[in-house]
Each structure stands twice: as structure tokens, then as C-alpha cells.
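Student: Sharing a structure here in C-alpha cells format.
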Amino acid sequence: MTETEKAATAPDLPTEFSEIEMRCPPCNTVWSAPVARRVNVRTHPDARLGILLKTMHWTRCPMCKTPRQIETIFEYYDPEQGLLVQVRPDWEYEAGGGEDWYWARYEDLVLKYRDVEVRVDVVFGLDQLIEKYLGGESAVREAQELWEARRKEQG
Ligand SMILES: [Zn+2]
């Protein structure tokens, strides 16, 4: 079954996780970290918070505890807005050739979801996603306040 068929028959686009192999440069430990391939923010609202706070896709070496960022491509899906955004690494835009790279990736995504009633877009980096679709700086501030309040609640 292709990716497109799977999406078309699904009543909703669910959150999907995968695992990625990480290696720690200081101590050479290898471990596997969970990564989101697609997040549905209706079923997983904390993913939106993780994006706004930029805590999403970080892991830690199990041996020496060095934090490592996981570089990965994932999809942000908001069923309420009928919006699906593919989030790619921010350096890729310049490295890939700018506008042309954007349009090529955008067309791939349109094809992938051609049978699903959803608006799609491609962004490079979490900042672009936040700025374009999540409400920008004020949403970041709200997320920080919410996070603080939660931490206080837990003591
Ligand atoms: Zn380590």
C-alpha cells in the first residue's frame, strides 16, 4: 500500500511515530530516539506546545546525558484548520536552491495528499512554522506562560 492510499482511506490523519538511531560524538554511545513523522494536534495538543517551546525532537545521550537535537522532517496536521504542513530543516532552503527547492518539495507534498481534503504547505524550520501558522511571538509567549503554570501546579 502506498503512502497516498493509506492517507486517503484514513478517516483522519493520525499521529505517527518512528525511531531514529542517534550517536553521541563525545562518548560514541548509540541509542534509538522516538521521532514524530506526523503530529495530529487534535489528538496530541502537546505537540503544538513542544513546537512553540522548541522542546520537540530533542534527546539525551543515555550514558553521558549530553542533549542532542534530532534533525528530522515531520508533518504538522491541524484537522480543525484542514491544514498539513511539512516541516523541513531550516538550512535546507539555502542549500537546496531557495524558491525552486520550496516549490519542488511543495509539489511532492501536494501529490502525496492529492486524495485527501487538506491544504498543504512546506516550511523550513520551526520558526517559519510558528510565524506562518501558529501565531508567532504572542503564541510563543502564551505557551511559555502555560508551561510555567503547569510546572507550578506540579510543585
Ligand atoms: Zn554520550
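All of the numbers you see were taken from the coordinates with simple rules; none came from a lab. Just so we're clear, the structure is a prediction, and the values are computed from it rather than from any experiment. All Cβ positions, glycine included, derive from the backbone under ideal geometry; neighbour counts span all protein chains shown.
Student: Shape verdict for the stretch 14-155, please, from the Cα gyration tensor: rounded (a/c under 1.5), prolate (a/b greater than b/c) or oblate.
Tutor: It comes out oblate by the Cα gyration axes.
Student: Residue farthest toward the positive end of the dipole of the chain, with Cβ of Lys/Arg at +1 and Asp/Glu at -1: which of L49, L126, M22?
Tutor: M22
Student: Collect residues whose amide H, placed 1.01 Å from N in the peptide plane, falls under 5 Å from the amide H of F124; neighbours closer than 5 in sequence don't count.
Tutor: R88
Student: Another question about this same structure. Sort M63, M56 so that the residue with the fewest other Cβ atoms within 10 Å of its own Cβ comes first and the one with the most comes last.
Tutor: Least to most surrounded, the residues fall as M63, M56.
Student: So what's the angle, to the nearest 10 degrees on a 0 to 90 scale, between helix 99-112 and the longest Cα principal axis of the chain?
Tutor: 70
Student: Choose one of L111, L146, Q81: the residue whose Cα lies farthest towards the positive end of the charge dipole of the chain (beta-carbon charges +1 Lys, Arg; -1 Asp, Glu; about the Cα centre).
Tutor: Of L111, L146, Q81, it is L146.
Student: Follow-up. Could you give the dipole magnitude of the chain about its Cα centre, charging the beta-carbon of Lys and Arg +1 and that of Asp and Glu -1, in debye to the nearest 20?
Tutor: Values: 20 positive and 28 negative charges, 155 e Å.
Charge dipole, the chain, about its Cα centre: 740 debye, nearest 20.
Student: Leaving out same-chain residues fewer than 8 places away, which aspartates and glutamates sit with a Cα under 17 Å from that of K132?
Tutor: Candidates past the 8-residue exclusion: E75, D78, E80, D90, E99, D121, E142.
Student: Quick one: work out the % antiparallel among DSSP beta bridges in the chain, nearest 5.
Tutor: DSSP beta bridges in the chain are roughly 65 percent antiparallel.
Student: Peptides 128-139, 42-53: what's the order by average Cβ count within 10 Å, highest mean first?
Tutor: Final packing ranking: 42-53, 128-139.
Student: A follow-up question, please. I want to verify a result. In a Gaussian network model of the chain, Cα cutoff 10 Å, which of these has the top mean-square fluctuation: K65, K112, K54?
Tutor: Most flexible of the set in this elastic network: K65.
Student: Compute the helix-to-body angle for 136-153: its Cα long axis versus the longest principal axis of the chain, expressed 0 to 90° and rounded to tens.
Tutor: So the helix axis and the longest Cα principal axis differ by about 40 degrees.
Student: Mind sorting D12, D78 by how few other Cβ atoms lie within 10 Å of their own Cβ, fewest first?
Tutor: D12, D78
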